[in-house]
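Peer 1: Mind looking over this structure? Questions follow.
Since every read-out is calculated from the coordinates, none of them should be taken as a lab result. The structure displayed is predicted, hence computed values, not measured ones. Heads up, the Cβs are rebuilt from the backbone with ideal geometry, glycines too, and the neighbour counts pull from every protein chain shown.
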Amino acid sequence: MKDAAYAFGSTWERERGRTEEEWRAAVVSRTRFVAEADGQAVGMASVGEAGSSRAASVTSFWVHPQARGKGVGDALLLATVETAREAGYDELLLWVVETNEHAQRLYERHGFKRTGATQHVRPGDARVEYEMSRKL
Ligand SMILES: CC(C)(COP(=O)(O)OP(=O)(O)OC[C@H]1O[C@@H](n2cnc3c(N)ncnc32)[C@H](O)[C@@H]1OP(=O)(O)O)[C@@H](O)C(=O)NCCC(=O)NCCS
């Protein structure tokens, strides 16, 4: 997360301050994927309910800097799409920071479009993030 602080709503400091109990609860609250190459973890993504029984969301999406540009993000995103579809959701949502063009292009390649909704990345940060969505 430290290598891509620009991409996330939370901060490394805030996440580091979580207790082990909070981490364990967070891990099981959503379906989490870890991408592996040569026995090493090189990426992750999570999928779970997004506030209604019809829509799921993708969060915690990250690929190791040395593994970027090789399709790991595609594989992780496809896994979240399939999981949400099989769970019966109609729609998959995510938020992406306005300056994160690589991630936006990846999502667009997979059929995500901006919904028009925006929010600030975090209080005190002028940047906004866009909500993106695709039907399942
Ligand atoms: C966004 C991210 C998940 C994409 O994963 P990926 O496996 O690199 O995805 P792709 O292989 O499809 O490559 C995505 C783009 O990065 C480019 N790229 C290639 N090598 C790269 C490298 N070494 N570093 C960064 N980007 C690279 C690719 O050419 C592609 O470019 P495009 O914008 O023309 O499509 C990954 O870059 C990442 O973890 N970024 C930091 C965290 C983040 O932004 N998470 C998403 C939050 S919404």
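Peer 1: Can you compute the FRET efficiency between residue 16 and residue 55 using 1/(1 + (r/R0)^6), with r the Cβ-Cβ distance and R0 = 25 Å? Round to the nearest 0.05.
Peer 2: Once the sixth-power term is evaluated, E becomes 0.25.
Peer 1: Could you give the length gained on full extension between residue 66 and residue 32, defined as 0.36 nm per residue of separation minus the Cα-Cα distance, in nm? Working shown, then result.
Peer 2: Numbers: separation 34, 0.36 × 34 = 12.24 nm, distance 2.10 nm.
Contour length minus Cα-Cα distance gives 10.1 nm.
Peer 1: Multiply the residue gap between residue 87 and residue 2 by 0.36 nm, knock off their C-alpha separation, and tell me the result in nm, one decimal place.
Peer 2: 27.4 nm
Peer 1: Same structure, new question: For residue 113, go through the lysines and keep the ones whose alpha-carbon is under 18 Å away, minus same-chain ones fewer than eight residues off.
Peer 2: Once the sequence-local lysines are set aside, what remains near residue 113 is 135.
Peer 1: Cβ under 12 Å from residue 109's Cβ, residue 109 left aside: what net charge do those residues give with Lys, Arg +1 and Asp, Glu -1?
Peer 2: +1
Peer 1: While we're looking at this one, here's another question. How large is ³J(HN,Hα), in whole Hz, for each residue of the range 123-128 in order, when computed from phi with the Karplus curve 6.51 cos²θ - 1.76 cosθ + 1.60 and θ = phi - 60°, using x for Gly and Pro?
Peer 2: Karplus-based 3J(HN,Hα) across the range 123-128 equals x, x, 10, 6, 5, 10 Hz.
Peer 1: Using modelled backbone amide H atoms (1.01 Å from N, in-plane), which distant-in-sequence or interchain residues come within less than 5 Å of residue 37's amide H?
Peer 2: Correct list: 42.
Peer 1: In which sequence would 90, 38 go, from the one with the fewest C-beta neighbours within 10 Å to the one with the most?
Peer 2: Result, fewest neighbours first: 38, 90.
Peer 1: Label-point separation (nm) for residue 102 and residue 40, each offset 7 Å from Cα along Cα-to-Cβ?
Peer 2: According to this spin-label approximation, the distance is 1.6 nm.
Peer 1: Then there is this: To the nearest 20 debye, what is the magnitude of the charge dipole of the chain about its Cα centre, counting +1 on the Cβ of each Lys and Arg and -1 on the Cβ of each Asp and Glu?
Peer 2: Dipole about the Cα centre, nearest 20: 220 debye.
Peer 1: Lys and Arg at +1, Asp and Glu at -1: add these up for the other residues within a Cβ distance under 9 Å of residue 130 and post the number.
Peer 2: The answer is -2.
Peer 1: Kindly provide the helix-only [θ] at 222 nm of the chain, computed as the sum of -39,500 (n - 2.57) over DSSP H runs of four or more divided by all residues, to the nearest 500 deg cm²/dmol?
Peer 2: -8500 deg cm²/dmol
Peer 1: Under 13 Å from the Cβ of residue 77, count the other residues' Cβ atoms, weight Lys and Arg +1, Asp and Glu -1, and hand me the total.
Peer 2: With Lys, Arg at +1 and Asp, Glu at -1, the net is +1.
Peer 1: Along the charge dipole of the range 80-136, Cβ charges K/R +1 and D/E -1, which of 88, 121, 106 sits furthest on the positive end?
Peer 2: Of the candidates, 106 comes out farthest on the positive side.
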